[in-house]
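Shown next, in structure tokens, is the structure this report addresses.
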Amino acid sequence: MLKRKDLLGLIDASEAEITEILDLAQDFKNRIKRGEKKMNYLDGKTVTVLFYENSTRTRTSFEQAAKYLGATTVNIQAGTSSVAKGETLVDTGKTLDAQRNDFIVMRHPMGGAPYLLAKTVKAGVLNAGDGINEHPTQALLDMLTMRETFGSLKGLKVAILGDIKHSRVAKSNLFGLKTMGAEVAMFAPQTLIPTGLDKLGAKICASREEALDGADVVMGLRIQLERQKAGNFPSLGEYAANYGVNESHLALAKPHAIILHPGPVNRGVELTSGVIDHDRSRIEDQVLSGVAVRMAALTLLNEYRKEQGL
Ligand code: NCD
């Protein structure tokens with residue numbers, strides 16, 4: 001059981017907490033693979049999915065996770081709700097609380113928004129991505145796929161290449177992987193690496209080769225054009241040539257290295273199609289890990305709510 005009302009980030013998640021989520025997620029993943037889709041750990045509960053940004057897999061997998069657990073789900077698209085009429089986040093939260101929602105899954109363009117919501121609502125809040133801050137369940141699903149492949153995260157070298165500056169996925173992975181004893185090597189144009197990540201434990205590499213050398217995991221990240229002002233690199237073509245990963249680069253990584261990407265992928269930019277569709281690519285497996293990890297997070301947070309009488 002997680003001893004917390006909300007899951008907002010991995011910055012303060014312990015090794016024991018991450019292990020507990022991954023263990024339960026692995027069990028759920030195995031059960032889904034066997035065709036089980038009704039596991040009633042959230043019977044009678046309501047999960048509201050509140051997204052202020054676009055999403056395909058995160059939104060649908062949270063919904064699927066809640067449904068497999070037997071919860072009722074409500075989907076709010078901020079563009080069609082009272083948010084578009086000027087309602088504040090706190091007032092939206094109060095409304096959702098008044099309706100006795102048990103969980104709110106929120107994605108928001110502002111870093112820290114889920115922390116504000118979590119402070120003001122009785123419901124448990126799960127952060128599905130806040131600005132460029134964190135995306136904890138994405139990192140957990142990445143870790144589930146890595147752990148399932150290699151048995152343990154300890155000592156793995158994870159190379160993360162792409163738009164690190166605008167990536168909440170990179171930050172949550174850095175926090176989680178370091179806690180679990182993995183090494184995190186990062187490479188991007190200097191304009192796409194925020195200062196200070198080395199102080200948080202990342203190894204900032206001077207070249208693509210250095211990042212990929214001996215890597216167990218090669219993770220590509222999307223160039224988040226919607227978050228950048230122009231000018232971080234000359235053109236997408238030049239980015240792909242100088243910073244992207246193609247099949248010949250994979251030879252630098254360990255022979256068993258797996259390829260991950262949170263999606264959506266810009267084919268031919270951060271990774272070539274040959275890498276995305278490689279037989280060592282686990283990008284599709286990550287999607288199933290996503291459903292399982294979100295089921296585990298909801299179940300463990302729900303156990304805490306039960307214990308606390310919430
Ligand atoms: C990521 C996100 O939204 O932060 N995607 C995801 O959740 N699957 C990364 C991205 O948008 O590039």
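Structure notes:
- Across the range 43-59, coupling constants 3J(HN,Hα) worked out from phi with the 6.51/-1.76/1.60 Karplus curve, θ = phi - 60°, read 4, x, 9, 10, 10, 9, 9, 10, 10, 9, 9, 5, 6, 10, 6, 5, 4 Hz, and Gly and Pro carry x.
- Computed over the chain, the ratio Rg/Rh where both radii use C-alpha atoms and Rh is Kirkwood: 0.97
- Taking amide hydrogens as placed 1.01 Å from N in the peptide plane, the amide H of residue 245 sits under 5 Å from those of 271, 272, each at least 5 positions away in sequence or on another chain.
- Extension gain from residue 206 to residue 273, taking 0.36 nm per residue of separation minus the Cα-Cα distance: 21.6 nm
- Among the trypsin sites (Lys or Arg not before Pro) found in the range 1-108, those both in a DSSP coil and sparsely packed, with 16 or fewer other Cβ atoms within 10 Å of their Cβ, are 3, 4, 34, 37, 38, 100.
- Backbone N atoms of the range 96-122 closer than 19 Å to the 7 Å Cα→Cβ label point of residue 306 belong to residues 101-104.
- Rounded if a/c under 1.5, otherwise prolate or oblate - the range 219-263, Cα gyration tensor axes: oblate
- Cα gyration tensor shape for the range 97-208, rounded if a/c is under 1.5, else prolate or oblate: oblate
- Radius of gyration (Cα atoms) of the range 169-247, expressed as a multiple of 2.2 N^0.38 Å: 1.12.
- Database remark: amide H of residue 186 closer than 5 angstrom to the amide H of 160, 203, 204, 205 (H placed geometrically; neighbours at sequence offset of 5 or more, or on other chains; Pro and chain starts carry no H).
- Label reach from residue 87 (point 7 Å along Cα→C-beta): in the range 9-49, amide nitrogens under 19 Å belong to 46-49.
- Accessible area per residue (1.4 Å probe, heavy atoms of protein chains only) ranks 130, 91 as 91, 130, with the largest value leading.
- Rounded, prolate or oblate (a/c below 1.5 giving rounded, otherwise prolate when a/b exceeds b/c) for the range 209-284 by Cα gyration tensor: prolate
- Each peptide in 264-276, 197-209 receives the mean, over its residues, of other Cβ atoms within 10 Å, and ordering these scores from highest gives 264-276, 197-209.
- For the range 185-196, 3J(HN,Hα) per residue [Karplus equation, 6.51 cos²θ - 1.76 cosθ + 1.60, θ = phi - 60°, Hz, x = Gly/Pro]: 10, 10, 9, 6, x, 3, 6, 10, 10, x, 6, x
- Under 5 Å, built H, 5+ apart or other chain: amide partners of residue 49: 74, 75, 76, 105
- Listed residues 274, 138, 253: farthest to the positive end of the dipole of the range 136-285 (Cβ charges): 138
The values are calculated or read from the model by the stated rules, or taken from the named source; none is laboratory data. None of the values given here were measured: they were computed from a predicted structure. Ideal geometry is used to build each Cβ from the backbone, glycine not excepted, and the neighbour counts take in all protein chains shown. Heavy atoms of the whole protein, side chains included, go into the accessibility calculation; ligands, DNA and RNA do not. Shrake-Rupley method; radii C 1.70, N 1.55, O 1.52, S 1.80 Å.
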